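Structure first, commentary second.
All of the numbers you see were taken from the coordinates with simple rules; none came from a lab. Only a predicted model underlies this, so the values are computations on that prediction, with no experimental measurement involved. Here the Cβ positions follow ideal geometry from the backbone for every residue, glycine too, while neighbour counts run over all protein chains shown.
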Amino acid sequence: MDAILLAAGLGTRLRPHTLTKPKPLLPVQGKPILEWILGALPPPVDRVLVVVNYLGEQIQEFMSRQKFFPHYEVIRQELPRGTGDALRSCQSQLQPGKFLVLNGDDLFGANDLARLAETEAGVLVKEVEDPCNFGVAFLKGDGSLEKMVEKPKIQGPALANTGAYLFPQSIFHFPLELSARGEFEITDYLSRLARESRVEAIPLSFWFPIGTVEALEKAQTADLTLLRRDN
């Protein structure tokens, strides 16, 4: 199984740390974020595709040294136009079958990723009290995903999209349109898939997004035990 890691962002909210280093390579407790992610990927994953743009040569060099996956590809997103476009840029490189997609700057529990990999299609979600700051999962009566809505004006609690997905190859049959933000959104793929087939919404046990300087500082003392398998 392939895992796609989305690592092309500028990391503007993490400046000045990201002025000379891409966000996925920022250190957390002595190791780059990307190293933590690689170590948490489940056993079915035997190859990773890393989508890069900003300071992508540093990520290419890191991947050449990492010991987790001898089989990998670094794919340059020449003109960053959103997460959906980043995903499309990998289509011709994917192995047959379903594949994982993860944000390249978030830390996920290893056992949560293993559960996601067992589905035919799914997304990891987390209950939050401030849904207006997140993409939010709306569920069908059977508990599967109905649709994903970006930053809805609703009161919490609600289920936030954490940026970890399991997709079948069939998603590439769906057209993508520019969002209100002027980007192609991966969540549009997810909502469209949910109309056609079952998409599991899986509550996770550990998620640590590192999108701000404050989050990066907190990560230095966080308990990261659940990033290791079989805990």
Selected from 80, 203, 110, residue furthest toward positive end of dipole (the chain; charges at beta carbon): 80
Charge dipole (the stretch 2-221, unit charges on Cβ, about Cα centre) - positive-most of 4, 100, 124: 4
Global geometry of the stretch 73-231, whether rounded, prolate or oblate, following the gyration tensor of its Cα atoms and the 1.5 cut on a/c: rounded
For the chain, built as a Gaussian network whose Cα springs stay under 10 Å, the top-fluctuating residue of 154, 37, 202: 154
Cβ charges +1 (Lys, Arg) and -1 (Asp, Glu), total dipole of the stretch 16-79, debye: 180
Residues 90, 132, sorted so that the one with the fewest Cβ neighbours within 10 Å comes first: 132, 90
Residue 12 paired with residue 46, simple spin-label distance in nm, labels 7 Å along Cα-to-beta-carbon: 4.2
Loop trypsin sites (Lys or Arg not before Pro), the stretch 1-92, which have at most 13 other Cβ atoms in a 10 Å radius of their Cβ (DSSP): 67
Theoretical FRET efficiency, 1/(1+(r/R0)^6), r = Cβ-Cβ of residue 153 and residue 221, R0 25 Å, to 0.05: 0.15
Burial ordering of 105, 130, fewest other beta-carbon atoms within 10 Å first: 130, 105
In nm, spacing of pseudo-spin labels at residue 142 and residue 66 (7 Å Cα→C-beta vector): 3.5
Highest-MSF residue in the chain out of 187, 221, 18 [GNM, Cα springs under 10 Å]: 221
Least to most buried among 184, 134, 68 (fewest other Cβ within 10 Å first): 68, 184, 134
Gained length - residue 120 relative to residue 228, 0.36 nm times residue gap less alpha-carbon distance: 36.5 nm
The stretch 80-95 - phi-based ³J(HN,Hα) in whole Hz, Karplus 6.51/-1.76/1.60, Gly and Pro as x: x, 10, x, 5, x, 5, 4, 5, 4, 5, 9, 3, 6, 9, 6, 6
Count of lysine pairs in the chain with Cα separation under 18 Å (8 or more residues apart, or interchain): 9
DSSP-loop trypsin sites (Lys or Arg not before Pro) across the stretch 178-224, with at most 15 other Cβ within 10 angstrom: 181, 198
Integer Hz, Karplus 6.51/-1.76/1.60 couplings in order for the stretch 135-143, x for Gly and Pro: x, 10, 8, 9, 10, 7, x, 8, x
